[in-house]
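Colleague: Let me begin by handing over the structure; questions about it come next.
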Amino acid sequence: MIPTSHYLVVSLLLFTTGVIGVLTRRNVIIVLMSIELILNAVNINLVAFSQHLASLDGQVFAIFVITDAAAEAAVGLGIIIAFFRNRQTLLADEMDLLRW
Amino acid sequence: MTNEILFYFFAGLAVLGGVLVVTMRNAVHSAVFLITTLLATAGLYLTLNAEFLFVVQIILYVGGIMVLFVFVIMLVNLDVALHQVQFNRQTWVAGLLSFALLAELLAAVALARSYGEENWLFAAPHVPTVTAEGNTEQIGRLLFQNYVIPFEIASILLLVALVGAVVMGKKRI
Amino acid sequence: MIQEAYFLLSKYIWQIVDGLVIVAIFPLLAGYVVLLERKVMADMQARLGPMRVGPHGLLQPLADAVKLMIKEDIIPESADRAIFWLAPVLSVFAGMLSFAAIPVGPGFLIADMNIGLLFIFAVSSMGIFGIVLGGWASNSHYSLMGALRSSAQLVSYEVAVGMAMVSGLLLAGTLSMKDIVEYQAHSGFWLVFVAPVGFVIYLIGSVAETNRAPFDLPEAESELVAGYMTEYSGFRWALYFLAEYSNMVVVGSVATTLFLGGWLRPFAGTHAMDFLDFAPPLVMLGVTGYCVYRIPKQTGWDQKFIMAIFAGICFVVTVPLAVVLAPGLAAWKAGVHGAFWFIAKVMGYVYVFLWARFTFPRYRFDQLMQVGWHYLIPLSIVNVMGVATAVVLHREAGWNPVVSIGVTLVVTMLAALWLVRAGERREQTALKSAA
Amino acid sequence: MDETENTAALPVEMPIPGADEIVLNMGPQHPSTHGVLRVKLKLDGERIEGSECIIGYLHRGVEKIAEHRSYQQFAPYVDRMDYVAAVSNGLGYCEAVEKLLGAEAPPRAKVVRTILTELQRIASHLLWLGTHALDIGALTPVFYCLREREEVLKIFEKYCGARLTTNAFRIGGLQYETYDGFEHDVKRFCDDFEKKVEEYEQLLTGNRIWVGRTKGIGILTGEQAIALGVTGPPLRASGVKWDIRKAMPYAAYEQYQFEIPTGQNGDTYDRYLVRMEEMRQSRRICLQAIENIPTGPIMAKVGKVLKPPPGEVYHSIEAPKGEIGYYVVSDGTVQPYRVRVRPPSFINLQAFDTMARGHLVADVVAIIGTLDIVLGEVDR
């Protein structure tokens, strides 16, 4: 069996990659995708611990996280579409007005 | 043996895909690599005996969320975007901080070895208790019994997101 | 290490063989489904269809395959090469992977997964990417529009199809494809008789899922040229075609397993109907006989020879179907006859697809979405609730199963009626406001 | 979601969600514009806000050619305008020149002309039905329609040797006597045809998808139709009972009983029904005509060289697609001074914008189909 720590390391790497993406990319869609990466990393952790502790609560939580990711993607992409329609840009650092 | 091979394969694929998501210039390519990562993660769930989550990951993440992503990327497809600078000005700082975070967290995992009573994190995990019910049935039971209120709240969240997305997508409100 | 590899190999040898068989047979099967389609279409349209390559066009699929393979491989100048390459492969991959979980007969399946049905559902939802990415990578507006239409369509109809599956699953109480069939064998009823509304929704939804007429908007030739396939040619195009026909076979297999009793013979539990066991060898013998009868009518020795080969193939299939009828071979009989009945049912299901294609005009995109969102999805939700109620009434309240199912069925049908009425009213007001 | 609304377009310009209006080109190389028609659509999302039909890709200068040909020499050219209804075109031209000459075809010629023209109407409508259904996505009717059309074309072929551009009539009557068994062939066709129309109607008339695709699409009110000069089935489907065969009878039409089918709503579905009924009426006319073909000469005495007196004449007949009119000016020489054709397709096409406004892009296919245009005639 693979020790749980291995899963933690994979999850960490994914998490950090996601964080880097969120912090450095200018394209909002890629930023959103990086957030999905982060959520995914969290899910790996949850499931790994679920197995580690022989309890399924972790997996149930992972399902909630996926639900949340779906909701976030829907609203986030809706905002992106609305924003793009008004400004014709996708760059995060050009989103500098609080209203339009 | 098979499990190890599968784990390292999927883990490597997931991390590689993740790195490429962040570094690709074209958003569609990023999305393709994100799909790779998500599928690899689904594979990791399989090695963790979480079959239901494996399927949920593919149906919801890959078949649902990522389709939405690709859809939106294609709707707002801009050739201009490809020639713009892809990384913002705080890249170096952000990268450094992120690596610091990574180092810190890795250290935390590594240190756990010395704090644990019997290095529990590094030992092979508990063998999951084999029950007559499959993984799917157990999760279903948990979701609809212990976690029924969070479940309902999640459904309301989805409803709100649905309404929100429709409102955002509307041309004229 | 080597020992372990050997152990693994010996453990999974049958799966590997099954997998190879599927990979080998599968394109051929899809090719012959195409031939079937062309023949059925020709028959319905007062034509003959392919007649030139082999007797009655029997070698047409091979000729088509060769022709497509030696065609020039064109990649548009401005296409995204990597994704242009990846997309059709992804499509075929999704189609083929689904076969891993399909039980053709008892013991005749690659993997008996305890999440088999969900696995197929998940894999087929991945097939969307083949279409979407292909349309995007072509860098053509028609392709992109076709791809967007198709992704919207597939995502919408997946909900209804999933719900229809749930209505079957509620009754069977398992996700394993094998157990679903065994439940039907055990209960004595195919689920189509218990959850007919679910079956109808699945039928309609699966036509839309496979992008077949009258829901073939993504490739509507009079509007979008060829949709996402516009820029594809040669072998890549053939891969898309393969994927489309394999998806037809997959949804047919799922419907057969879930609603039509999988490998079970009609009236499997009734001993009075055991004479139906003679049907498979007799049918195949009949086909053999017909082939033999047609041999002298072919022109040219080569055509006669090919016809004879086909007669021989049919006969080779007939022999095991007949031999297993011998007493003492019951276990073999279940497998061999199971495969026959399964394939027969799948082909029947596919025939309905073809029939619909040549009969109906095409929906407009908004009408298609309307059918999905205004009729199928609400009805499928009502149906799931109805079936769930029936299950509870039967298992918890101890009602007679026929009564509980009948009552909920009536309620579901009333809801369907109401939906249709509401839809008609909506249409009429729309017509009035247009006029 | 609203994104989906943007998707089913046929853009040449990519629909940018922000941009409210896009201009979209359909054709001239598009599978469902029935030839080389180019339609420029102004779209709001998927809704058509305006349109422009750009024609001329098939212009061959037919009218100009007439000025350099003798009257008889020009007759084959009119067949090449509406090439799916060549007989009707020829009839209109021959009668126009006859009018100019002051001659009249003998009764036998008139009846044969009537029969052939009505058969041509059936053939033209069949081709329309098949392609229209194909555009809307019904794959099968086209084969049935072509099967029956084939029978008509066989009769043409037996009669004059050509199937499509028949040049069946001559100025002053007919070139050929009918062949042996002509009546029998027509009768057999008409007898079979009754059942075949039923067959088409079974496939389409009650079909929910067909009704959904055609009902309420491309509405043209009677006033609009008259104002736009629309003729033929589109006019009658809008409820205007106008048919030149009744209003200004030509050939032998006044001898026969037939109805003028009309519609109420003026939508694509009504036009479909009107054309279906017209095929039945044509069959009825053929059956009546075949009963009693007068004997006698088939050619009036018009002479070998036609030199009509100076003057002008306008003559129009009811072609399958609408009123086809010929305005012929003679200066007393052997060649016409000017021939102006009033092609029904060209004028019916003007209604496209009115009909398409407010509909979706996918309906353009249905609307072009329902107009039953032939680009050879539009561009001439």
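No value in this document is a laboratory result; all are computed from the given coordinates. Since the structure is predicted, the reported quantities are computational estimates derived from the model, not experimental observations. Heads up, the Cβs are rebuilt from the backbone with ideal geometry, glycines too, and the neighbour counts pull from every protein chain shown.
Colleague: For the protein assembly as shown, report the translational diffusion coefficient in µm²/s to the nearest whole number, using Stokes-Einstein at 25 °C, 0.890 mPa s, and a Kirkwood Rh over Cα pairs.
Modeller: 74
Colleague: Which one of C:GLY31, C:ALA82, A:GLY58 is farthest out on the positive end of the charge dipole of the protein assembly as shown, using unit charges on Cβ (Lys, Arg +1; Asp, Glu -1) and the Cα centre as origin?
Modeller: Farthest along the dipole direction, towards plus: C:GLY31.
Colleague: Shifting gears a bit: Hey, for a label at D:GLU194 modelled as a point 7 Å past Cα toward Cβ, could you say which residues of segment D:274-289 have their backbone N under 17 Å away?
Modeller: The answer is D:277-289, whose backbone nitrogens lie closer than 17 Å to the label point.
Colleague: Can you show me the helix-derived [θ] at 222 nm for chain D, built from DSSP H runs with n ≥ 4 at -39,500 (n - 2.57) apiece and divided by the number of residues, rounded to the nearest 500.
Modeller: Details: 15 runs with 177 residues, N = 380.
So the calculated ellipticity at 222 nm is -14500 deg cm²/dmol.
Colleague: I would also like to ask the following. Once every DSSP H run of n ≥ 4 in chain A is given -39500 (n - 2.57) and the sum is divided by its residues, what mean residue ellipticity at 222 nm do you get, rounded to the nearest 500 deg cm²/dmol?
Modeller: After summing the helix terms and dividing by residue count, I get -27500 deg cm²/dmol.
Colleague: If you bin the C-alpha pair distances of chain A every 5 Å from 0, what whole percents do you get?
Modeller: P(r) for chain A, in whole percents per bin: 3, 13, 18, 18, 16, 11, 8, 6, 4, 2, 0, 0.
Colleague: Now, a different point. Could you state the number of Å between the C-alpha centres of segment D:175-210 and segment C:1-50?
Modeller: Cα centroid to Cα centroid, the span is 46 Å.
Colleague: Within 10 Å of each Cβ in peptide B:103-110, how many partner chain Cβ atoms are there on average? Round it to a whole number, please. Intermediate values should be presented prior to the final figure.
Modeller: Details: counts 1, 1, 7, 5, 0, 2, 7, 2.
The mean count of partner-chain Cβ atoms within 10 Å per residue comes to 3.
Colleague: Could you line up C:MET126, C:MET51 from fewest to most neighbouring Cβ atoms inside 10 Å? It would help to have the intermediate numbers written out before the result.
Modeller: Values: C:MET126 22, C:MET51 14.
In increasing order of surrounding Cβ atoms, one gets C:MET51, C:MET126.
Colleague: About the Cα centre of segment C:272-355, how large is the charge dipole given +1 on each Lys and Arg Cβ and -1 on each Asp and Glu Cβ? Please answer in debye to the nearest 20.
Modeller: Magnitude of the dipole: close to 200 debye.
Colleague: Please state the charge dipole magnitude for the protein assembly as shown, taken about the Cα centre, from unit charges on C-beta atoms (+1 on K and R, -1 on D and E), reported in debye and rounded to the nearest 20.
Modeller: 2400
Colleague: Something else: Per DSSP H run of n ≥ 4, the term is -39500 (n - 2.57); total these for chain C, divide by its residue number, and report the mean residue ellipticity at 222 nm rounded to 500 deg cm²/dmol.
Modeller: -24500 deg cm²/dmol
Colleague: Roughly how far apart, in whole Å, are the Cα centres of segment B:31-49 and segment D:282-338?
Modeller: Measuring centre to centre over Cα atoms gives 78 Å.
Colleague: Could you please report the charge total around D:TYR71, scoring K, R as +1 and D, E as -1 over all other residues with beta-carbon less than 13 angstrom from its beta-carbon?
Modeller: Values: positive: D:ARG69, D:LYS99, D:ARG170, D:LYS304, D:LYS307, D:ARG338; negative: D:GLU67, D:GLU95, D:GLU98, D:ASP331.
Net charge in that neighbourhood comes out at +2.
Colleague: Which value in nm describes the separation of the simple spin-label points at B:GLU137 and D:LYS246, placed 7 Å from the Cα toward the beta carbon?
Modeller: 7.5
Colleague: Using the reciprocal of the averaged 1/r over all distinct C-alpha pairs, how large is the Kirkwood radius of segment C:272-355 in Å?
Modeller: 14.3
Colleague: For peptide D:133-146, what's the mean number of Cβ atoms from other chains within 10 Å of each residue's Cβ?
Modeller: Working: counts 1, 4, 6, 8, 15, 8, 11, 9, 4, 1, 7, 3, 0, 2.
Per-residue shielding by partner chains comes out at 6.
Colleague: So what's the net charge close to D:ARG380: Lys and Arg +1, Asp and Glu -1, counting the other residues with Cβ under 15 Å from its Cβ?
Modeller: Values: positive: D:ARG60, D:LYS64, D:ARG69, D:ARG80, D:LYS321, D:ARG338, D:ARG340, D:ARG342; negative: D:GLU63, D:GLU67, D:ASP79, D:ASP82, D:GLU377, D:ASP379.
For residues surrounding D:ARG380, the net value is +2.
Colleague: Here's another thing I want to ask about it. Going highest first, how would you order C:325-333, C:61-69, C:83-91 by mean Cβ packing within 10 Å?
Modeller: Going from most to least packed, we get C:83-91, C:61-69, C:325-333.
Colleague: Counting pairs of alpha carbon atoms under 8 Å apart in space and at least six apart in sequence, what relative contact order in percent does chain A give?
Modeller: Numbers: 85 pairs, mean separation 28.0, N = 100.
28 percent.
Colleague: If you don't mind, another one. Put a dot 7 Å past each Cα toward the Cβ at C:GLU424 and C:ALA331; how far apart are the dots in nm?
Modeller: 5.8
Colleague: Another one. Between their Cα atoms, which of D:LYS215/D:LYS321; C:LYS297/D:LYS154; C:LYS297/C:LYS345; D:LYS187/D:LYS246; D:LYS154/D:LYS215 are more than 28 Å away from each other?
Modeller: Table pairs above 28 Å Cα-Cα are C:LYS297/D:LYS154; C:LYS297/C:LYS345; D:LYS154/D:LYS215.
Colleague: For segment B:132-173, what does the alpha-carbon gyration tensor say about shape, rounded, prolate or oblate, given a ≥ b ≥ c as the root eigenvalues, a/c under 1.5 as rounded, and a/b over b/c as prolate?
Modeller: Note, shape of segment B:132-173 comes out prolate.
Colleague: Give the calculated FRET efficiency between D:GLU104 and C:ALA344 to the nearest 0.05, with a Förster radius of 60 Å applied to their Cβ-Cβ distance.
Modeller: So the FRET efficiency works out to roughly 0.30.
Colleague: Take every residue in peptide B:41-51, count the Cβ atoms of other chains within 10 Å of its Cβ, and give the average of those counts. The partial results should precede the final answer.
Modeller: On the way: counts 9, 2, 0, 10, 8, 0, 6, 12, 4, 10, 6.
Taking the mean over all residues of the peptide, I get 6.
Colleague: If you don't mind, there's one more thing I want to ask. I'm a student and want to see the number: the projected area of the Cα convex hull of segment C:395-435, averaged over all directions, in nm².
Modeller: It is 3.2 nm².
Colleague: Sort segment C:5-79 into rounded, prolate or oblate with this rule: let a ≥ b ≥ c be the square roots of the eigenvalues of the Cα gyration tensor; rounded if a/c is under 1.5, and if a/c is not under 1.5, prolate when a/b is larger than b/c, oblate otherwise.
Modeller: In terms of gyration-tensor shape, oblate.
Colleague: Rounded if a/c is under 1.5, else prolate if a/b beats b/c, else oblate: with a ≥ b ≥ c from the C-alpha gyration tensor eigenvalues square-rooted, which is segment D:167-261?
Modeller: Oblate shape, in that a/c is at least 1.5 and b/c is the bigger or equal ratio.
Colleague: Once chain C is represented by equal point scatterers at the alpha-carbon sites, with solvent omitted, what log10 I(q)/I(0) does the Debye formula produce at q = 0.07, 0.09 Å⁻¹?
Modeller: Cα-only, vacuum Debye calculation for chain C: -0.39, -0.66.
Colleague: When averaged across all projection directions, what area in nm² does the alpha-carbon convex hull of chain D cover? Display every interim value, and only then the final one.
Modeller: On the way: hull surface 74.1 nm².
Over all viewing directions, chain D projects a mean Cα-hull area of 18.5 nm².
Colleague: Something else about it: Gap in Å between the Cα centre of segment A:1-37 and the Cα centre of segment A:42-100?
Modeller: Distance between centres, Cα-based: 12 Å.
Colleague: Just to confirm a number: summing +1 for Lys and Arg and -1 for Asp and Glu over residues other than D:GLY325 whose beta-carbon lies under 10 angstrom from that of D:GLY325, what do you get?
Modeller: Computed value for this residue: +1.
Colleague: Work out from phi, with θ = phi - 60° and the Karplus expression 6.51 cos²θ - 1.76 cosθ + 1.60, the ³J(HN,Hα) of each residue of segment C:245-258, listed in order in whole Hz, and give x for Gly and Pro.
Modeller: Result, ordered by residue: 6, 5, 5, 4, 5, 5, 5, x, 5, 5, 4, 5, 5, 7 Hz.
Colleague: Something else about it: Using a 7 Å offset from the Cα along the Cα-to-Cβ direction at both A:ASN86 and B:GLU152, what is the distance between the two label points in nm, to one decimal?
Modeller: 3.6
Colleague: Further question: Compute the FRET efficiency between B:ASN49 and A:MET95 as 1/(1 + (r/R0)^6), taking r as their Cβ-Cβ distance and R0 = 51 Å, and round to the nearest 0.05. Could you put the intermediate results ahead of the total?
Modeller: Working: r = 43 Å, r/R0 = 0.84.
Efficiency, rounded to the nearest 0.05: 0.75.
Colleague: What's the FRET efficiency of B:VAL160 with D:THR295 using the Cβ-Cβ distance as r and R₀ = 60 Å, to the nearest 0.05?
Modeller: 0.10
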